[in-house]
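This report refers to the structure that appears directly beneath it.
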Amino acid sequence: MAWVVDTCLLIDVAEADPSFGVVSATLLDSKRADGLAICPVTYTELARVFNGDATAQNEFLRQAGVTWPAAWTLADTLAAHAAWHRYVIGKLAGKVPERPVADVVIGAFASRFDGLLTRNEADFRPVFPGLKIVLP
């Protein structure tokens, strides 16, 4: 099907991050043949990197081989709903750190794909224990 790419990897590549740029690009290259997709939230989060220039952002995604207009589905909503509940229960029990809802939405989206490419496994694993996650 395709791998969902977490925002952090794309920022690493776009900004040529000295610590993570090369390893993130290498991971994307290794999975490109399987297909790369992003959640609508990731598209939104990338606006800062491109100073709000959607044309430049779209060109970057095209060159990176990332399909970005993948639709959000009812299944994604239900997966996000269940994951947010798991997160809240874990947070109340002091078992998970505070996370933005964006991570829950990205993880839910990735649940119907091959998995998630990220360097932040700890952000996803507590609320998506069965999600296949690949790190650079």
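The values are calculated or read from the model by the stated rules, or taken from the named source; none is laboratory data. Quick caveat, the model's predicted, so the values are computed rather than measured. Neighbour counts run over all protein chains shown; Cβ positions are idealised from the backbone, glycine included.
Per-structure values
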{"read-out": "Residue within the range 63-71 that is in contact with a helix residue (DSSP H, G or I) (Cβ under 9 Å, 6 or more places away or on another chain), free of Cβ contacts under 8 Å to residues at least 24 places away in the same chain and farther than 21 Å from G130 by Cβ present", "value": "yes"}
{"read-out": "Qualifying residues in the range 121-136 (those that are of a type outside the set (D, E, K, R), farther than 18 Å from L78 by Cα and modelled with pLDDT of 95 or more) - the one surrounded by the fewest Cβ atoms within 10 Å (Cβ to Cβ)", "value": "L135"}
{"read-out": "Cβ pairs under 9 Å, 6+ apart, first in the range 8-27 and farther than 17 Å from I38 by Cα and without any contact (Cβ under 8 Å) to a residue 24 or more places away in the chain, second part of a helix (DSSP H, G or I) and among the polar types (S, T, N, Q)", "value": "D17/S24"}
{"read-out": "Index of the failed condition, F50 passing every other in (1) surrounded by 15 or more Cβ atoms within 10 Å (Cβ to Cβ); (2) among the hydrophobic types (A, V, I, L, M, F, W, C); (3) assigned to a helix (DSSP H, G or I)", "value": "(3)"}
{"read-out": "Test set (1) of a type outside the set (S, T, Y); (2) touching a Lys or Arg at 6+ places or on another chain (Cβ under 6 Å); (3) under 14 Å from V5 (Cβ atoms) - R62 fails condition number", "value": "(2)"}
{"read-out": "Filter result (out of contact with any helix residue (DSSP H, G or I) (no Cβ under 7 Å at 6 or more places or on another chain), assigned to a loop (DSSP other than H, G, I, E, B) and surrounded by 14 or more Cβ atoms within 10 Å (Cβ to Cβ)) within the range 92-113", "value": "F113"}
{"read-out": "Count of residues meeting criterion [within 18 Å of Q57 (Cα to Cα) and exposed (fewer than 14 other Cβ atoms within 10 Å of the Cβ)] in the range 9-31", "value": "2"}
{"read-out": "Members of the range 1-47 that are under 17 Å from I106 (Cβ atoms) and part of a loop (DSSP other than H, G, I, E, B)", "value": "M1, A2, D6, G35, I38, C39"}
{"read-out": "Residue among L117, L61 that is closer than 20 Å to L36 by Cα, among the hydrophobic types (A, V, I, L, M, F, W, C) and touching a strand residue (DSSP E or B) at 6+ places or on another chain (Cβ under 6 Å)", "value": "L117"}
